[in-house]
Amino acid sequence: MNAAKRPWLAGGLVLALSLGLAACGKSPREAPTAGATVQAQVLTLKSSAEKGYSSVPGTVVAAQQVQLSSRLSGYLRHLDLRVGQAVQRGQLLFEVDPATADSQVQQARASLAQAEANLANARSNYERFKHLYAQGAIPAKQWDEVQAQYRMAEAQAAAARAGIASAQANLGYARVTAPFAGVITEKFLQNGDLVAPGRPVLTLADPSHLEVQASVGSRLFAALRQGETVPVLADGHTIDARVLDLVAVADSETHTHLVKLTLPADSPVQAGDYVQVQIPSPSRQGISVPRSALLDRAGIPGVFVVDAKGIAHYRLVRPGAEVGSEVEILAGLVAGERIVVDPSADLINGSRVVPAGAQHG
């Protein structure tokens, strides 16, 4: 069938083609165009002494953390806590069956009763023979023996009293309470398990006081000073940490030094997080730009550079360490160039930039 026999088809094709050409001739109203004028804040770059940084991995840990165990042997009971559960200072964590400790207390009491009876008898002999010796009724050797027996009875009674105090103290160790408020981070045993002295039962940590631990090589270790502030990068955040401890003796296997840094109370990290510790290195000449100037277009970091004619060009750069609101630029920019500080969505390659505050027609 030809078009002459179907005039409505030919007319439709002409109409569709006309609409398509008209649509291609228009740009979306919201899309910026090259050459459009955009007002923006412009910054002239200056070269300055930049403090370099070397990045070292670190781990966030609780500054106060302890493994809790029992000083007694026995079966574990009343261990009803979960990992991650918060506890208060003095709260009961677990208990060891006190049967053995009770038996030790009873034995100590019996020993004390026997020792005190022996002491009473020795004291009576001492007083009686003391008068006899004063009257010359007994020889000196016999009097010396009576005195020795009395002193021995006193020592045995003192030892028995110490024994009962020790047994009663052991009975107190049957109940283990939290030494500080914190969170249960590990649980090694369950109710009914046999506990031995020194065998860990729980790990308790205080999440309100955190620190960073990092292993640092000798060269970087020498650049650190106790009490100085060092930036720590954590999931897009920069945290000012303070150097707390510097372990001067290096690890025999890794040949690195342990460094501890204390974190502020409002740090957006948790125990167990990995961070990057920025250790300062000798200063060098470099360029930094405001964090707001650095963009990421299709995975390519860059900034908008404004040329002498006021035209913006997107420039690929290689960013370095971020310190506060500034980002070090390792390559791509030179001193004297002008960049857009806080580019808007309307700014594209070829846009004409008028510095904020200037008049334009």
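The values are calculated or read from the model by the stated rules, or taken from the named source; none is laboratory data. Keep in mind that what you see is a predicted model, and the values were worked out from it rather than measured. Methodologically, a virtual Cβ is constructed for each residue, glycine included, from the backbone with ideal geometry; neighbour enumeration extends over all protein chains shown. Calculation scope for accessible area: heavy atoms of the full protein, side chains included, ligands and nucleic acids excluded. Shrake-Rupley method; radii C 1.70, N 1.55, O 1.52, S 1.80 Å.
Do the conditions hold for V334, that is, is it at pLDDT 85 or above, assigned by the TED database to the domain that holds Q39 and surrounded by 15 or more Cβ atoms within 10 Å (Cβ to Cβ)? It is false that V334 is at pLDDT 85 or above, assigned by the TED database to the domain that holds Q39 and surrounded by 15 or more Cβ atoms within 10 Å (Cβ to Cβ). Within the set G236, G227, G217, the sole residue that is over 15 Å from the mean Cα position of the chain (by Cα) and open to solvent by 50 Å² or more (accessible area, probe 1.4 Å) turns out to be G236.
For A31, state whether it is under 50 Å from the mean Cα position of the chain (by Cα), closer than 30 Å to T262 by Cα, surrounded by fewer than 14 Cβ atoms within 10 Å (Cβ to Cβ) and modelled with pLDDT under 90. Criteria not met by A31.
Within the stretch 138-150, at least one residue is modelled with pLDDT of 85 or more, of a type in the set (S, T, Y), part of a helix (DSSP H, G or I) and over 30 Å from Q65 (Cβ atoms).
The single condition among (1) open to solvent by 50 Å² or more (accessible area, probe 1.4 Å); (2) out of contact with any helix residue (DSSP H, G or I) (no Cβ under 6 Å at 6 or more places or on another chain); (3) closer than 24 Å to A120 by Cα that Q156 does not satisfy is (2).
Only residues that are surrounded by fewer than 17 Cβ atoms within 10 Å (Cβ to Cβ) and not in a strand (DSSP E or B) were counted across the stretch 254-293, and they come to 11. Any chance you could count how many residues in the stretch 132-167 are over 60 Å from the mean Cα position of the chain (by Cα) and not hydrophobic (A, V, I, L, M, F, W, C)? Residues flagged as over 60 Å from the mean Cα position of the chain (by Cα) and not hydrophobic (A, V, I, L, M, F, W, C) within the stretch 132-167 amount to 11.
Of all residues in the stretch 56-69, none satisfies being modelled with pLDDT of 85 or more, more than 26 Å from Q213 (Cα to Cα), open to solvent by less than 60 Å² (accessible area, probe 1.4 Å) and part of a loop (DSSP other than H, G, I, E, B).
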